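Reviewing the structure listed below.
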Amino acid sequence: MKHAIKMTALAVFAASFGATALAADKASSTGGFKIKSEDGNFEAKIGGRIHFDANYYTDEDDINVGTQNSGNDFFFRRARLTLEGRAYDFKYKFENDFASSGAGASKNNEGLREMWIGREVLGGANLRLGQAKPYRGMEELTSSNELTFMERPFATATGIYGEQFVLGAFLDGHGEGYGWGVSAYSPRSASDVNAGGNGANARGFIVPIRSNGNLVHIGLSASIDKYGLGNEKNPNVRVVGRENGLKSGNLLAAKYDEQTTIAAELAARFGAMTLQGEYAMAAFKDTITAVPNPDQDVNTYYVQASYMLTDHVKPYDFKKGVFKSPKVDGEEGALELKARFDTIENKDISGNEASYYTVGLNYYATPNTRFMLEYVDGETEVGTDKSASAVTARAQFNF
C-alpha cells in the first residue's frame, strides 16, 4: 500500500511537471538554461561555475620549515550550481558551492552562498531576504566570475571583514550615475552556529564622469558588526596561495566582538586602461571580557590596474557600481595585463602587517571561458618575518 501511494504521488508530480513544461512558451540558453511559463508568471534559470586552480611555489622555505612536503597543489577553488528565477512578483536565488561542502567541510551547510527571496519595492528598489553579501565595496560585490585577479584583496571578507555572506535583509537601488545599498543582518552565514550578534551596513557611489567611454567611480561604505559571545574575530589573512600558502598570523592581540569599518572607493576607466583602489579603516573593540582588551585599529588598502591588450574595454555595471569582464564573441578572445599591490596593518602593534604584489595576464577565450596566470610575492611581519612567492593559474568556465 505504501509503495502504491508513493507511485501515485510520483505520477501526480510527473504529470504536473509535464503540464508545466508543455505550457512553457519560451526556453532559451545563453550558456545557462532558462525557461519561462506561457503566462509569464514563472521563470527559472540554471547556471554554474567551475574554477580549477593550480599553485606552484617558487619560494616556500618559510611555509614548510623542516619538512620535505611542498604546498604545490591542484584544486577546485569553486564548483557552483545556481538556480534563480521569479514566481509572480517575487524573485529567488539558490547557490551552492560543492568545492566547500565535500568530505573536507567542517560545518553544516558550508557550501551555501546566496540564498534569498526578494521583490521590487518603493518604486524600483530591490529587497532581498535571506543570505547575501552586505554592501562592502567594489571587490566584495564583484562576482568571482568577473574578478580581475584570482583572489580578492584584504579590503573584503578575504581580509578585514568577517563572513562574506551573512543572514539578513538587503535593500538597494540605483539611478542615473549613482547607486546605494543598506543591509541589516546577523554577522554569520548559514554554516555557522546560532551565535548572537547583529550588524548594519550602508554603501553609496556616484559616477561623476562618464563620457566617450571614460568614467570615474567614487564610493563610500560603512559597517558595524557586533559578533557576540563565542563568535569574536581576529583576522588571519592569506598572503600568498591558499590553505598551504603563506598566512599573516593573527593581526590583533586577542579576539574582539565589535568592529566598526569605514571604506572608500576610487576607480576609473580610460579606454583600455582600468584603475581601481579601496581604503578601509576598522576599529575593533572588546565589550565582553571582564577586563577589556585595549581597542585596536586595522587599516588596509590596495591599488590595481589592468590594460586590455586587444581591442576591448571592461564594462561597468551601473547598478552595482563594479567592473565586469570584457565582452568577447567566441571567435576572437581578449588579453588583459594586470598588476596589484595590497597591504594590511595593525596600527597599534608595531610589525603586525602583511603585504603582497601580483602581476599577471588574463585570457578571455569565449564569453564563458577564461584562463588566468599570476605571479604573487608577499611577506608578513606578524611574529616572525616570513615571505613566499608563487605562480598561480586558473581555468574558469561559467554558464
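Bear in mind that the values in this text are calculations on the coordinates, not laboratory data. All figures in this text were calculated on a predicted structure; none of them were measured in a lab. Cβ: placed from backbone, ideal geometry, glycine included. Neighbour counts: every protein chain shown.
The value of relative contact order for the chain, using C-alpha pairs under 8 Å at least six residues apart, is 14 percent.
Less than 5 angstrom separates the built amide H of Lys347 from those of Asp297, Val298, Asn299, all sequence-distant by 5 or more or on a different chain. Farthest towards the positive end of the charge dipole of the chain, among the residues Ser387, Val376, Val166, is the Cα of Val166, using unit charges on the Cβ of Lys, Arg, Asp and Glu.
Largest GNM mean-square fluctuation across Asp53, Asp257, Asp311, computed for the chain with C-alpha springs under 10 Å, falls on Asp311. Cα axis of helix 2-23 to longest principal axis of the chain: angle in degrees, 0 to 90, nearest 10? It is inclined by approximately 90 degrees. With the helix formula -39500 (n - 2.57) applied to DSSP H stretches of n ≥ 4, the chain reaches a computed 222 nm mean residue ellipticity of -2000 deg cm²/dmol.
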